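The structure appears right after this line, and notes come after that.
The values are calculated or read from the model by the stated rules, or taken from the named source; none is laboratory data. What you see is a predicted model; the values in this text were computed from it and never measured. We place every Cβ from the backbone using ideal geometry, glycine too, and count neighbours over all the protein chains shown. The protein model used for the area step is the full one, side chains on, heavy atoms only, and it has no ligands, DNA or RNA in it. Shrake-Rupley method; radii C 1.70, N 1.55, O 1.52, S 1.80 Å.
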Amino acid sequence: MKAEAKEKKKSGAILAASAGIFVIALSVSSFFLIQIIGRMNRSANQNLLTSSRVINEGLNNKITLDQEMLNTLADLLALEEEDMVGKTLCKYTDFTDFYQFSYINMDGKGTDSKGNTIYASDFQFDEISLSQGKNGISAPYYGSSGRLQLTYQSPVIRDGKQVGAVYADRIVNDYNLPTLFTFHNGAGSAFVVDSDGKFIISSRGTGGEKDIFSYLGEQGNGDAVRETLRQVMEEEKSGTLTIVYKDQKSLLGFLPVEAPEGCYLLTVIPRSILQQEATPIICMLCCMFCLLLIGGISISALLAGRQSMKADVKQKEYREKLFGNLSANIDFAFMLYTPEQQKVELVSDNLPGLLGITSQQVMERPGQVFDASGMSREDEARNGFLRGTLGEQITRESMVGSGPNEVRRWIAVHLIPADYGQYLAVFHETTSEHDMRDQLADALTQAQNSNRARTAFFSSMSHDIRTPMNGIIGMTNIALKNLDDREKVESCLNKITAASGHLLSLINEVLDMSRIESGRISLKEENVHLPSLIGNLLSVIKPDMDKKGQSLRMQSRILEHDTVISDTLHLQKILLNLLSNAVKYTQEGGEIRLLISELPMESDTIRMRFVVEDNGFGMSPAFLERIFLPFERAEDSRMNQVPGTGLGLAITKSIVDLMGGLISVESREHEGSRFTVEIPLKLPAQQVEEFPELSGYSALIVDDDRDACESIGLILQESGVRANWVNNGPAAVEQVYKAHEEKDDYCVVILDWRMPGMDGLETARQIRGRLGSEVPILLLSAYDWESVKEEALEAGINGFLTKPIFRTELLEQMKYYIWDKNKETEKQETEKAVTAKLQPEEAENLQGIRILTAEDNELNREIIVELLENSGAVVDSAQNGKEALDYYLDSSPGYYHLILMDVNMPVMDGLEAVRAIRDSGREDAAMIPVIAMTADVFKEDINKCREAGMNAHIGKPVELDKLYSTLRRFLNTGKSGEM
Ligand code: ADP
């Protein structure tokens, strides 16, 4: 705006300066023009006066000539006798232009040229020659000629003595010769008037008796002119006057003449004639002047225009530069538009990029920018902008890119009426603001939800904790009141045990949840042997399944990798939760399926898919939406009878998420549920894949599951085994027999246990019935071959293959049975020995074992001492770490077989005590197993125990199974183990 004002000021100054110069030039040229015109007028006057003088001179010449002629006659008459005078006069008349001559002697008597006697006294003019002896001319008078005449007079002197006087009359008008009284080629006329203004000689028809004043009046001149003329004539001045003559502006010259005496010579000529030569010059000058004027005005206008144009251009350039700078540095794009001309004045460089259209398109169809910014064609603001009727600034925000393959974006458009009938549209992408708003809204909703969930969580938790606590307290009271009634007390204690179990699992799960939620859970990376993991899992749920008479179906193709890197405990927890739910929420006699498959590998990672399916209670679609939220349990009468916390799936989902996996659920009420978990699992760095070379051997696969047959067959073929398969028992028996007949016995027969019609055991029996015990037969079962082991061995089964089948396991088994059948017995014996070792009764037998315990809580101390002593152990119990250390140091080396150490204790805590024991320098200091027994169950706590030198960790409240199995682990080996 400052620049604009400056420009305006500058153009104003230029305009003022050029106007000044122009006025000065105009004044100077006007001055010169006036001077020139004045000069020309003066020279015209001069010319006229000159012409008048010339005429006057001519007239004088003529009069002088006439006078001289009369003088000559007077001289002639002086020589003659008076008698002869008449004749001489007469002769002279014929030779001259005089009208008549007269002679008067001194007596006043004489004769004229016509011979008449005349007397001086009769003269009508003033006589001077006779009376005064002078030459001269009379004043004009009307004499004997009847016309205005002049009389020349001359004395006749003889011998020095005047003898008379001679007179010559002349008609005045005879002097009116065109050569003399007209000038300028007849354009100018001359008159002689007397002192009264009466015409004496008139060159044109001026009306004989009229005087010059009335004549001028007739011609249309005012009194002023006439008065002036009268005055100058009285004063006998010479000069010029401007008059109107014959309707033209003319110049009147006045000049007193010598003769006739008292007369004036007047000359008149139209001014135009006089200025005939000057007129073109004046015209030229006027034209030049006008041209100068026009030129000056034009130049000034041009200059001013140019200046304002320059200012306009500069302003435009400045605006464009400003827009350019703005658009380069900010995210706003502009369009300047003049609705009246439907013209786009300016488009910022970043507009095409923002809206995905070209500048050309914007210039040609300004409406297109609004289309591209998502504004509707019916939008009033848009139409107001384009038509120039928009009265105030309006902002619109629209979404573009709603198509399936388009990126969704938000564009804000500000429509602003600007100056000079122009409109400005400013465009700006607001997608990020929108996204942020959405995110904020989401975050708010999430925060509100999580707040709600937290409140619900705590209220559920307090409810779920109170319920079993009530039971425990209530039952304890009942038991106390009925101490004598052994049965009642026992029933109460059973209920208390059930309620405490529930409470413990609830607390464990809540702790798990809180650890997961607070991010304190960290996943281990260890080698996980999947067959063992699945085996453990199935053996854990088997008792419950058996209780409910449910069957398990394992389905899977052969799994390529049996060892992966993951966190065993958590992986197990996921599957255990799903399987135990399937068992819990499926009616008695129901079927549970576990499907495991490996999805295509991505470099060193595989995706393992676990599907747990049941044909149990199922869930409603509404519940499915909440299923993974903590404490959510379906409100179903059948479900209510099943104990649970509603935390299992929430924990499961959190672990799956943590592992980068996916969990989903499908379910129909009363039909069943299917949970699918997919987890990415890393493979160990070098998984040795050395498979045995089994070329030349043959195997028969018998399974009603075609997929299983195919995948087992494929793996065997890869190792060189000739594999055939049939899908039922009778066909298998036939096939084996046929091969035997052809002396091409199968090296191994793999029989699925559960087949429709003839099952695996029956098929084995029939094969053995027909062929004896030649061919090794392997039974393919899900997990529970233990239950049919005896029957299977009786039926002639040599070995067992567990589903899911892993490639390595399959090939190992094949190798074993093909190459070294004899080892089977040994293997069975080893199994028996291991099983026998783990008999629970023996595990709890601690006869002859000396244990040192450290526990500050009296009740807990009492419980642990009671438990251990009941198992036959000799127990010393300390109340804190210091006491425990003293017990240890006071005993002889090797006296204690094991130490159970609480961690949080007064005087000296467990960690310090262990450190002191390990540092004591005694010979058993490094070897003696120290097991932590503490309520600090988090990973960090366990790590601290290990760092302090403890060998194992048992969480409180103590689960007896865990206690005994841990004790047994260290007591059997007799040396310290690894945590
Ligand atoms: P809990 O089993 O301790 O109640 P979970 O979080 O494991 O807690 O399960 C939440 C709820 O989901 C269960 O209470 C039950 O209503 C429902 N549910 C889980 N698994 C199944 C299943 N296989 N069939 C039917 N309902 C199920």
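Some values worked out for this structure:
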item	result
Among the candidates S773, S781, S711, residue that is under 60 Å from the mean Cα position of the chain (by Cα) and at negative phi	S711
The one condition in (1) among the hydroxyl-bearing types (S, T, Y); (2) closer than 27 Å to V564 by Cα; (3) open to solvent by 40 Å² or more (accessible area, probe 1.4 Å) that S787 fails to fulfil	(2)
Selection count, the range 111-164, where residues are over 25 Å from D94 (Cβ atoms) and among the acidic types (D, E)	3
Number of positions in the range 261-277 that are of a type in the set (S, T, Y) and buried (at least 18 other Cβ atoms within 10 Å of the Cβ)	2
Conditions (1) open to solvent by less than 20 Å² (accessible area, probe 1.4 Å); (2) modelled with pLDDT of 90 or more: number failed by S373	(2)
Candidates L59, L79, filtered to the one that is more than 22 Å from S144 (Cα to Cα), surrounded by fewer than 17 Cβ atoms within 10 Å (Cβ to Cβ), over 60 Å from the mean Cα position of the chain (by Cα) and of a type in the set (A, V, I, L, M)	L79
Residue check for E588: more than 13 Å from the ligand (Cβ to nearest atom), farther than 24 Å from L801 by Cα and either of a type in the set (S, T, N, Q) or outside any helix (DSSP H, G or I) (or both)	yes
Condition check for V28: in a helix (DSSP H, G or I), in contact with a Ser or Thr (Cβ under 8 Å, 6 or more places away or on another chain) and modelled with pLDDT of 80 or more	no
Enumerated helices (runs of 4 or more DSSP H) restricted to the range 619-685, each holding at least 3 residues that are farther than 28 Å from T568 by Cβ and either within 9 Å of the ligand (Cβ to nearest atom) or not β-branched (V, I, T) (or both)	621-624, 637-640
Flag if T389 is open to solvent by 30 Å² or more (accessible area, probe 1.4 Å), of a type in the set (V, I, T), at pLDDT 85 or above and over 16 Å from F427 (Cβ atoms)	yes
Yes/no for D745 being open to solvent by 10 Å² or more (accessible area, probe 1.4 Å), closer than 26 Å to T808 by Cα and within 60 Å of the chain's Cα centre (by Cα)	no
Hey, D174 closer than 21 Å to A139 by Cβ and not in a helix (DSSP H, G or I) or not	no
Matching residues, the range 137-187, being of a type in the set (G, A, S), touching a helix residue (DSSP H, G or I) at 6+ places or on another chain (Cβ under 6 Å) and not assigned by TED's automatic domain parsing to the domain that holds D126	A187
Members of the range 398-435 that are polar (S, T, N, Q) and not in a helix (DSSP H, G or I)	S398, S402, N405, Q422, T430
Residue match in the range 13-21 (condition: of a type in the set (A, V, I, L, M) and modelled with pLDDT of 85 or more)	no
Top-ranked residue of the range 468-500 - restricted to ones that are free of Cβ contacts under 8 Å to residues at least 12 places away in the same chain and open to solvent by less than 40 Å² (accessible area, probe 1.4 Å), ranked as nearest to V656 (Cα to Cα)	G474
E690 vs. criteria modelled with pLDDT under 90, surrounded by 18 or more Cβ atoms within 10 Å (Cβ to Cβ) and not β-branched (V, I, T)	no
Whichever residue in the range 596-618 is within 19 Å of V656 (Cβ to Cβ) and open to solvent by 30 Å² or more (accessible area, probe 1.4 Å) and, among such residues, is nearest to the ligand (Cβ to nearest atom)	E613
Residue in the range 231-252 that is under 22 Å from D66 (Cβ atoms), touching a Gly at 6+ places or on another chain (Cβ under 8 Å) and open to solvent by 20 Å² or more (accessible area, probe 1.4 Å) present	no
Number of the exception - N405 against (1) free of Cβ contacts under 8 Å to residues at least 12 places away in the same chain; (2) in contact with a Phe, Trp or Tyr (Cβ under 9 Å, 6 or more places away or on another chain); (3) polar (S, T, N, Q)	(2)
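Here's the yes/no breakdown for (1) within 58 Å of the chain's Cα centre (by Cα); (2) of a type in the set (D, E); (3) within 15 Å of the ligand (Cβ to nearest atom):
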| site | (1), (2), (3) |
| --- | --- |
| G519 | yes, no, no |
| S539 | no, no, no |
| D544 | no, yes, yes |
| K573 | yes, no, yes |
| A582 | yes, no, yes |
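A quick yes/no check of all residues on (1) part of a helix (DSSP H, G or I); (2) touching a residue at least 40 places away in the same chain (Cβ under 8 Å):
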site: K524; (1), (2): no, yes
site: G535; (1), (2): yes, yes
site: M545; (1), (2): yes, yes
site: I565; (1), (2): no, yes
site: K573; (1), (2): yes, yes
site: L576; (1), (2): yes, no
